[in-house]
Amino acid sequence: MTKEKELKEKTAKGLKFKEEGATAFKAGNYDKALKHYHFALLHLRGLNDNPLTVGNARDPENLKEEDITELEKEISTINSNMALCQLRLERFDQITRCANAALKANPFNPKAKFRLAQGLIREGSIIKATKLLDELEKASPNDPAFAAERRQIQHKEKQSEIKQRQEFAGMFDRTKE
């Protein structure tokens, strides 16, 4: 089997696992979707790390969107999809891990940036999440998903404020005794 044929077969197999992951996700089976996405990454990452492409290191400062390969875009999309699965499963620490992996493969992936913002909000990193949402809103100012996450931020801030009031109220009550 030639290298090119083997490369095409592995790519097709990886993309097949990606599609199976999407099907499982649509059915609400997020753990199964994660499994398929993981297998897709195993197939596609191995292709990205082949000796012919490793030497093509790029300067992130001068990177342009057109420099991103189709394989990198697929890997980024899969990681972004995994972040969404983790969100649905409420594994908040895993959302940011998957979103960061997606952005490593393709720093121009807006869905990955959005997933990272969602993960950061749920982890309590409100300032970082707000900066990401600000950046995303410049490109798509009327996206209702951004408004929903802003409401999530407001909710988190209110919860934090209530918790602080309760802590301080208890502290001052003790001094009266």
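The values are calculated or read from the model by the stated rules, or taken from the named source; none is laboratory data. Computed from a predicted model, the values in this text were never measured in an experiment. Virtual Cβ from ideal backbone geometry, glycine too; neighbours counted across all protein chains shown. Calculation scope for accessible area: heavy atoms of the full protein, side chains included, ligands and nucleic acids excluded. Shrake-Rupley method; radii C 1.70, N 1.55, O 1.52, S 1.80 Å.
Odds and ends about this structure:
- Scanning the range 29-62 for residues that are at pLDDT 70 or above and under 20 Å from the mean Cα position of the chain (by Cα) yields a total of 17.
- Which listed residue, of GLU123, GLU177, GLU90, is modelled with pLDDT under 90 and of a type in the set (D, E, K, R): GLU177
- Among the residues of the range 63-96, those identified as closer than 18 Å to LEU133 by Cα and open to solvent by 10 Å² or more (accessible area, probe 1.4 Å) are LEU84, LEU87, PHE92, THR96.
- Residues that are of a type in the set (Val, Ile, Thr) number at least 3 in the following helices (runs of 4 or more DSSP H) confined to the range 69-170: 70-88, 126-139.
- Positions within the range 140-159 being open to solvent by 50 Å² or more (accessible area, probe 1.4 Å) and touching a Leu at 6+ places or on another chain (Cβ under 9 Å), in sequence order: ASP143, ARG150
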